[in-house]
Amino acid sequence: MRRARTPDTDETPGGDSFLDIVANIVGILVLLVVVIGVRASREVFVATEQRPTEELESVEELRKQTLTAIGEARSRQRELRENAENALATSLESQRRERERAEGVHYVTKLRAELDEAREVLTMNDRETHDTHNALAQAQITLDRLTAEQIALASVEPEPDVETVVVAPTPIVDGKADRTISFRLKGDRLVYVPVNEIEVELAKSVRLPTLTDPTKTVITHETVGPIEGFRGEADLAWRVRSRGGRVGVTSQVGRLILREATPLRGESLDTAFGQGGYVDSRLGLLNPENFVVRLIVYADSFESSNEASQKFRERGFRVAQSLKSDGAPIGFSSSGYQAVTQ
């Protein structure tokens with residue numbers, strides 16, 4: 001009789017072997033390690049992504065601050081350069097005026113001495129003849145200036161489609177005096193205004209425009225200078241006129257504006273009217289009976305204008321004053337310069 005074989009394993013429920021228990025524990029530990037690793041990788045990835053963004057924002061802000069500082073430095077450098085240029089121009093102008101005044105003092109003093117010496121030895125008739133010669137010399141200078149203007153205007157060549165018979169620019173009208181000399185009083189400083197010189201230069205440099213329609217007026221803008229510290233700007237109205245079967249081109253100055261090109265010019269009243277000052281260099285050789293002083297007064301110098309006018313009258317000149325508001329340019333028009341003779 002054969003005996004049945006008994007299995008080696010224990011079939012009792014809940015009786016797992018030691019190795020099974022160890023395997024389960026190891027599996028649980030592996031799962032924990034995997035979960036912890038996944039979470040750690042996510043946190044590192046997020047930190048890695050955020051850090052470059054913060055660094056980029058810091059770099060961008062630093063770059064903007066640097067560009068702003070560079071722009072401010074360049075702007076400051078430009079201001080310093082402009083201030084240096086203005087200071088240099090003012091210094092050069094002051095040196096030039098000082099040289100001109102010294103030369104004018106020497107010339108006027110020498111000429112007055114020669115004239116006084118010559119007049120002392122002349123008889124009454126000879127003195128009258130001498131004065132007549134001086135008046136003729138002044139008239140000859142004026143005639144030469146007008147002749148030069150006429151030649152300059154006559155040399156302008158018209159366009160082929162326009163037959164020019166006469167070119168006769170209308171001069172600026174001054175109904176108060178035929179011959180004037182202008183001064184400006186601003187900031188209690190007196191400066192000569194080269195109105196006559198700018199008019200002459202304007203007549204020389206003007207160019208005839210193209211006139212295609214005889215019924216329309218052509219406006220041109222001309223700029224001359226700077227002359228003695230001023231720049232002139234003029235509007236000229238050109239039109240074609242027919243009279244007695246003759247066709248001509250005429251021009252009229254609509255307005256003339258003088259703008260100061262060199263700032264801080266002029267002299268105080270005491271210096272200007274002193275020996276060898278600004279006034280003597282301009283009026284020393286002029287006959288007061290033939291000239292009227294045109295005094296352009298700005299509002300900041302209104303109180304000292306009476307003193308300046310009185311000093312001009314003491315030299316025998318008539319004075320025509322006009323008041324300007326601060327910042328307004330010196331202007332003229334074809335209808336004449338508005339002034340009151342005092």
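The values are calculated or read from the model by the stated rules, or taken from the named source; none is laboratory data. Fair warning: this is a prediction, and the values are worked out from it, not measured in the lab. Neighbour counts are summed over all protein chains in view; Cβ atoms, including those assigned to glycine, are modelled from backbone coordinates with ideal geometry.
Of the numbered criteria (1) modelled with pLDDT under 80; (2) exposed (fewer than 11 other Cβ atoms within 10 Å of the Cβ), the one Glu98 fails is (1).
Only one entry of Glu57, Glu93, Glu79, Glu128 meets the criterion of being loosely packed, with under 12 Cβ neighbours inside 10 Å, outside the structural domain of Gly284 (by TED's automatic domain parsing) and modelled with pLDDT of 75 or more, and that entry is Glu79. The single condition from (1) modelled with pLDDT under 85; (2) farther than 24 Å from Leu285 by Cβ; (3) surrounded by 10 or more Cβ atoms within 10 Å (Cβ to Cβ); (4) among the hydrophobic types (A, V, I, L, M, F, W, C) that Leu115 fails is (2).
Of everything in region 301-314 that is over 13 Å from Phe273 (Cα atoms) and exposed (fewer than 14 other Cβ atoms within 10 Å of the Cβ), the residue that is nearest to the chain's Cα centre (by Cα) is Phe302. Annotation note: of Leu295, Leu286, the sole residue that is under 30 Å from Ala234 (Cα atoms), touching a residue at least 24 places away in the same chain (Cβ under 8 Å), over 22 Å from the mean Cα position of the chain (by Cα) and part of a loop (DSSP other than H, G, I, E, B) is Leu286.
When Arg265 is evaluated against the numbered criteria (1) touching a Gly at 6+ places or on another chain (Cβ under 6 Å); (2) modelled with pLDDT of 75 or more, which criterion, by number, is the only one it fails? So Arg265 meets the others, but not (2).
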